[in-house]
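Down below is the structure, laid out as structure tokens.
The values are calculated or read from the model by the stated rules, or taken from the named source; none is laboratory data. For clarity, every value in this text was computed on a predicted model and none was experimentally measured. Cβ coordinates were reconstructed from backbone atoms using ideal geometry, including for glycine residues, and neighbour counts include every protein chain displayed.
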Amino acid sequence: MHNQLLSKRIVNLSILVAHLQYQTLRLCVTNVIFEADMAQALTLTDAQLKRGLRYCATRKHTVRDKTILLLAMNTGLKAKEVAALRFGDVFDEEQKPRSQFTLSKTQTKGARIRTVFVNKQLSQALSDYQNCKRITLATAPLFRSQKGGHFSANTMCQLFLNIFHA
């Protein structure tokens, strides 16, 4: 019976009985969702990344989309974290890409300060992006949506879905 309950993803209004070192613990639960059933984020192969970059080259915002994709792939940032970046987070006072930058608690999904390192490929992509966009205000969104403001986490996810489902 215990294995049958664990095999279900959601247990509604059930009573679970667990045996913990010769003692029985009775739990009354309304909803249980087992985290082990949650999908893990996929890692892209080199071929998939190249296909995504080729697709970005066909889009209206080629340089922006390519930079977003390379930023996410080279740093492991989540969509929410990429969307929350400001120009001053990634570029120094001389408008050159930083070799590393720090995300604040409000910018990260786990509400923890996080240091991000920038490799040569990403630094070059960021330089190309800066040369194309000419952003100078440190508080400006690093990536602007089509409407001109910050991307939301949801719209950034939609962008990634567009790139990889094309």
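Points worth noting:
- Scope the stretch 108-127; condition closer than 21 Å to Lys60 by Cα and either among the hydroxyl-bearing types (Ser, Thr, Tyr) or exposed (fewer than 15 other Cβ atoms within 10 Å of the Cβ) (or both); matching residues: Gln124, Ser127
- Look at the stretch 42-59: where a residue is farther than 12 Å from Met73 by Cβ and in contact (Cβ under 8 Å) with a residue 12 or more places away in the chain and a partner is β-branched (Val, Ile, Thr) and surrounded by 15 or more Cβ atoms within 10 Å (Cβ to Cβ), sitting 6+ places away or on another chain with Cβ atoms under 7 Å, you get Tyr55/Ile163.
- Some residue of the stretch 132-145 being in a helix (DSSP H, G or I), surrounded by fewer than 18 Cβ atoms within 10 Å (Cβ to Cβ) and either hydroxyl-bearing (Ser, Thr, Tyr) or modelled with pLDDT under 95 (or both): yes
- Answer residue from the stretch 53-101, given it is touching a helix residue (DSSP H, G or I) at 6+ places or on another chain (Cβ under 8 Å) and of a type in the set (Ser, Thr, Tyr) and is farthest from Phe164 (Cα to Cα) among those: Ser99
- Of Thr67, Thr62, Thr75, Thr102, all but one fail to be at pLDDT 90 or above and in contact with a Ser or Thr (Cβ under 8 Å, 6 or more places away or on another chain); the exception is Thr102.
- Only listed residue being in the same structural domain as Lys50 (by TED's automatic domain parsing), under 14 Å from the mean Cα position of the chain (by Cα) and not in a helix (DSSP H, G or I), chosen from Gly148, Gly110: Gly110
- When Ile163 is tested against (1) under 24 Å from Gln48 (Cα atoms); (2) of a type in the set (Val, Ile, Thr); (3) at pLDDT below 90; (4) not in a helix (DSSP H, G or I), only condition (4) is not met.
- Applying the criterion of being in a strand (DSSP E or B) and surrounded by fewer than 17 Cβ atoms within 10 Å (Cβ to Cβ) to the residues of the stretch 87-107, the residue that is farthest from the chain's Cα centre (by Cα) is Gln100.
- Residue in the stretch 71-82 that is more than 24 Å from Leu44 (Cα to Cα) and either part of a helix (DSSP H, G or I) or in contact with a strand residue (DSSP E or B) (Cβ under 7 Å, 6 or more places away or on another chain) (or both) present: no
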